[in-house]
Amino acid sequence: PDRLSALKQKILAEVPGATVETDLTTNRWVGECDLIVTATSAFGQRVLDISQCKPGAVILDVALPPDISEEEAAVRPDVIVVESGEITLPGPARFSFDIGLPQGVAYACLAEAALLAMEERFECFTLGRDVHPDRVKEIYRLFRKHDFRIAPLRTFGQLLIDEMVADKRERTERLLRNPAVFERARAEAAARIAQIPPRAKGVAGLTTLKA
């Protein structure tokens, strides 16, 4: 709670007049959000219950390894889960090993190291949890200066193409037109989620099965 309170004050100082709510769980809010950004360091726990999302919600899963598994996402096919934090590097970027991304694409943490090297700034820039907003602005300035770009969006290793988005929208509109259908879909999704062990970063937590 103390850290959340401090974060709230930082945000209000940066954006006076903003409405900022903090909580120790996502349960109260997940059903109200059009856009969710998850960037935790949690292991072995469910960061959010995707079954309770709004129709057509978009989740940017910035965490590495991810917070949301493909198995969990499958219970709500109207919700888009985007793998975030992937950067296209300028020029003929080459890696000496396979990092699991398309050619010329790097995770944001690696792209930050490349940017700092290009600036001959050999320092720990955003290492750790306490990242000052000024540093975020500075790395974005360097991002623009050296023509780095956000990589094409992907979802569980697949490019998020127009046809996928159109399918999600069609499913969303179907749920929005009929609240009873949505409530039934949400209940079915919740039942399926209950059968999936809580996990984050690919690490499953301990569950207790009731007879």
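With θ set to phi - 60°, apply the Karplus curve 6.51 cos²θ - 1.76 cosθ + 1.60 along segment 130-138 and write out the HN-Hα couplings as whole Hz, x wherever there is a Gly or Pro.
Once θ is set to phi - 60°, the couplings for segment 130-138 become 8, 9, 6, x, 4, 6, 4, 5, 5 Hz.
Ordering Cys109, Cys53, Cys33 by how much accessible area each has at a 1.4 Å probe, largest first, what is the list?
Details: Cys109 90, Cys53 0, Cys33 40 Å².
Sorted descending by solvent-accessible area, the residues read Cys109, Cys33, Cys53.
How big is the accessible area of Ser69 in square angstrom, nearest 10, if you roll a 1.4 angstrom probe over the protein chains?
20 Å²
If every alpha-carbon in the chain counts as one equal scatterer, what log10 I(q)/I(0) does Debye give at q = 0.16 1/Å?
So the normalised log intensities work out to -1.26.
At 222 nm, what helix-only mean residue ellipticity would the chain give, in deg cm²/dmol to the nearest 500, using -39500 (n - 2.57) for each DSSP H run of four or more? It would help to have the intermediate numbers written out before the result.
Values: 6 runs with 73 residues, N = 211.
Value at 222 nm, helices only, nearest 500: -11000 deg cm²/dmol.
With a cut-off of 8 Å between alpha carbons and a minimum separation of six or more residues, what is the relative contact order of segment 84-146 in percent?
It rounds to 29 percent for segment 84-146.
Counting residues in segment 73-196 as N, plug N into 2.2 N^0.38 Å and put the Cα Rg over that result.
Taking N as the residue count of segment 73-196, the ratio is 1.43.
Would you give the gap between the C-alpha center of segment 40-96 and the C-alpha center of segment 159-188, rounded to a whole Å?
What the calculation gives is 18 Å, centre to centre.
Could you rank Thr26, Thr19 by how accessible they are, 1.4 Å probe, largest area first? Numbers along the way, then the final one.
Values: Thr26 50, Thr19 125 Å².
Correct descending sequence by accessible area is Thr19, Thr26.
Please sort by residue number the chymotrypsin sites (Phe, Trp or Tyr not before Pro) in segment 97-157 whose DSSP state is loop and whose Cβ has at most 10 other Cβ atoms within 10 Å.
Values: sites: Phe97, Tyr107, Phe122, Phe125, Tyr140, Phe143, Phe148, Phe156; in loops: Phe97, Phe122, Phe125, Phe148, Phe156.
For chymotrypsin sites (Phe, Trp or Tyr not before Pro) across segment 97-157 that sit outside H, G, I, E and B with at most 10 neighbouring Cβ atoms in 10 Å, the list reads Phe97, Phe122.
Each residue of segment 3-19 in turn: what ³J(HN,Hα) in whole Hz from Karplus with 6.51, -1.76, 1.60 and θ = phi - 60°, glycine and Pro shown as x?
With coefficients 6.51, -1.76 and 1.60, one gets 5, 5, 5, 5, 5, 4, 5, 4, 5, 5, 5, 7, 10, x, x, 5, 9 Hz.
Cross-link partners among lysines for Lys137, C-alpha distance below 29 Å, same-chain residues fewer than 8 apart left out?
Qualifying lysines at Cα under 29 Å: Lys8, Lys10, Lys145, Lys201.
Give the accessible area for Asp23 in Å² (nearest 10); use a 1.4 Å probe, count only protein heavy atoms, and leave out ligands, DNA and RNA.
So the heavy atoms of Asp23 present about 60 Å² to solvent.
Got a sec? What order do Glu21, Glu14 fall in by accessible area at 1.4 Å, biggest, i.e. largest, first?
Glu21, Glu14
To the nearest 10 Å², what's Met164's accessible area with a 1.4 Å probe?
Accessible surface of Met164 is approximately 50 Å².
Estimate the FRET efficiency between Leu110 and Glu188 by the formula 1/(1 + (r/R0)^6), using the beta-carbon distance for r and 41 Å for R0, to the nearest 0.05.
0.55
Relative to the compact-globule scaling 2.2 N^0.38 Å, provide the ratio for the alpha-carbon radius of gyration of segment 1-101.
Dividing the Cα Rg of segment 1-101 by 2.2 N^0.38 Å gives 1.30.
The values are calculated or read from the model by the stated rules, or taken from the named source; none is laboratory data. No experiment lies behind these values; they were computed from the predicted model shown. Cβ sites come from the backbone with ideal geometry, for glycine too, and all protein chains shown count toward neighbours. Surface accessibility is based on the protein's heavy atoms, side chains included, excluding ligands, DNA and RNA. Shrake-Rupley method; radii C 1.70, N 1.55, O 1.52, S 1.80 Å.
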